[in-house]
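Chemist: Quick one: the structure is below, and I'll ask about it shortly.
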There are 2 protein chains.
Amino acid sequence: MEKKYKISEFAHLVGLSPYTLRYYENEKLITPHRYDNGQRYYTNHDIRWVGFLLHLKGCGMSMNEIKEYVKLRSQGDSTIPQRKAWLQKVKANSLSKIKEMQFHLKILFHKIDWYDGKLNNCDYGSFAEYLDRFEKKGK
Amino acid sequence: MEKKYKISEFAHLVGLSPYTLRYYENEKLITPHRYDNGQRYYTNHDIRWVGFLLHLKGCGMSMNEIKEYVKLRSQGDSTIPQRKAWLQKVKANSLSKIKEMQFHLKILFHKIDWYDGKLNNCDYGSFAEYLDRFEKKGK
DNA sequence: ATATTCCTTAGAGTTAACTCTAAGTCAAGA
DNA sequence: TCTTGACTTAGAGTTAACTCTAAGGAATAT
């Protein structure tokens, strides 16, 4: 017999609120089982499923995109090529989002260095000048 | 004489809308100059400044955080240590956000591989089993 | 001359993803 | 018995960061 979790225990396990779980269910992302009296219960399988949904979310997929994906999934194995293509697009977006963030971060690093310079009374000139010098060095 | 840009030209240059620029100004993030007739104009210096704001934003800083930072800046060089500390916190957050995203992406990669397996009729079992095997190999 | 672009204030609308309330019912635990 | 936690539907509230409209006026471009 597999462990069964009621909504609040499950919510705690996956790091979501019962509200959010019902909301996701309403949006057809999750379909928990029910006891005869109507109460939901979730299993370890559901933990893995929600975990996967959160990975998708963490890769920057919106609710609507995830819903599309889940809809395809519900149509069976014939949609695997489409689902794979979806995930490849998500992967590309996610990678470029990371690259973009790293670029922004690089500037932040420089700004921190520039502050260090200011604090040590090294005259770096304006931040723009400092960056310019870096560009030239970089080449 | 430095080039002066009116709001819509400037908006185009920095990739924001005039609405957004006025909004940012209202929030004290930007302070463009004015012609005698009251029209705003922006300079290359403003391009660099907005660029920097967008880097901060791109590192995950919220409007409110950026406003705090800009407020400190307006108080002069004595706030440099605080500003540096701010940016260091932002840097740490940003790095951990990237790490998190990379972790989510790793799962996505695996899922794509798993789909490939399915499409080639290699029997990987369920995705959970596939991941489990990876964990063990990884050790 | 006419259309476009600029200005103002003030406030309403938008989007995503929750988050919660109301109002009423049901069932299990101490 | 009393509290706690589950259920329902339907809809309202929240937050961030815009995004736009209205209404009225001034200047510029074709």
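Chemist: Given the conditions (1) more than 7 Å from chain A (Cβ to nearest Cβ); (2) surrounded by 11 or more Cβ atoms within 10 Å (Cβ to Cβ); (3) of a type outside the set (Asp, Glu); (4) part of a helix (DSSP H, G or I), report the number of the one that B:Gly125 does not fulfil.
Modeler: In the conditions (1) more than 7 Å from chain A (Cβ to nearest Cβ); (2) surrounded by 11 or more Cβ atoms within 10 Å (Cβ to Cβ); (3) of a type outside the set (Asp, Glu); (4) part of a helix (DSSP H, G or I), B:Gly125 misses (4) alone.
Chemist: Also, quick follow-up: Looking at (1) in the same structural domain as B:Lys97 (by the TED database); (2) open to solvent by 30 Å² or more (accessible area, probe 1.4 Å), which one does B:Arg83 not meet, given that it meets all the others?
Modeler: (2)
Chemist: Being within 14 Å of DNA strand D (Cβ to nearest atom), at pLDDT 95 or above and not in a helix (DSSP H, G or I): is that true of B:Tyr41 here?
Modeler: yes
Chemist: Could you run through the stretch B:26-40 and say how many residues are within 8 Å of DNA strand C (Cβ to nearest atom) and either under 26 Å from the mean Cα position of the chain (by Cα) or within 14 Å of chain A (Cβ to nearest Cβ) (or both)?
Modeler: Adding up the residues that qualify gives 2.
Chemist: Take the stretch B:102-122 and flag every residue that is over 30 Å from A:Gln102 (Cβ atoms) and either at the interface with chain A (Cβ under 7 Å from one of its Cβ atoms) or part of a loop (DSSP other than H, G, I, E, B) (or both).
Modeler: B:Lys118, B:Leu119, B:Asn120, B:Asn121, B:Cys122
Chemist: Let me ask another. What's the number of the condition B:Arg133 fails, among (1) farther than 30 Å from A:Lys111 by Cα; (2) within 11 Å of chain A (Cβ to nearest Cβ); (3) open to solvent by 30 Å² or more (accessible area, probe 1.4 Å)?
Modeler: With (1) farther than 30 Å from A:Lys111 by Cα; (2) within 11 Å of chain A (Cβ to nearest Cβ); (3) open to solvent by 30 Å² or more (accessible area, probe 1.4 Å) applied to B:Arg133, the lone miss is (2).
Chemist: Inspect the stretch A:22-37 for any residue being more than 14 Å from DNA strand D (Cβ to nearest atom), open to solvent by 60 Å² or more (accessible area, probe 1.4 Å) and either of a type in the set (S, T, N, Q) or part of a helix (DSSP H, G or I) (or both) and give the result as yes or no.
Modeler: Looking through the stretch A:22-37, none of the residues is more than 14 Å from DNA strand D (Cβ to nearest atom), open to solvent by 60 Å² or more (accessible area, probe 1.4 Å) and either of a type in the set (S, T, N, Q) or part of a helix (DSSP H, G or I) (or both).
Chemist: Can I ask one more? Within the stretch A:57-77, how many residues turn out to be open to solvent by less than 90 Å² (accessible area, probe 1.4 Å) and either at pLDDT below 95 or among the small types (Gly, Ala, Ser) (or both)?
Modeler: Looking only at that region, the number is 4.
The values are calculated or read from the model by the stated rules, or taken from the named source; none is laboratory data. All figures in this text were calculated on a predicted structure; none of them were measured in a lab. When we count neighbours, we look across all protein chains shown, and the Cβ atoms used for this are built from the backbone with ideal geometry, even at glycine. Side chains included, ligands, DNA and RNA excluded: accessible areas come from the protein's heavy atoms. Shrake-Rupley method; radii C 1.70, N 1.55, O 1.52, S 1.80 Å.
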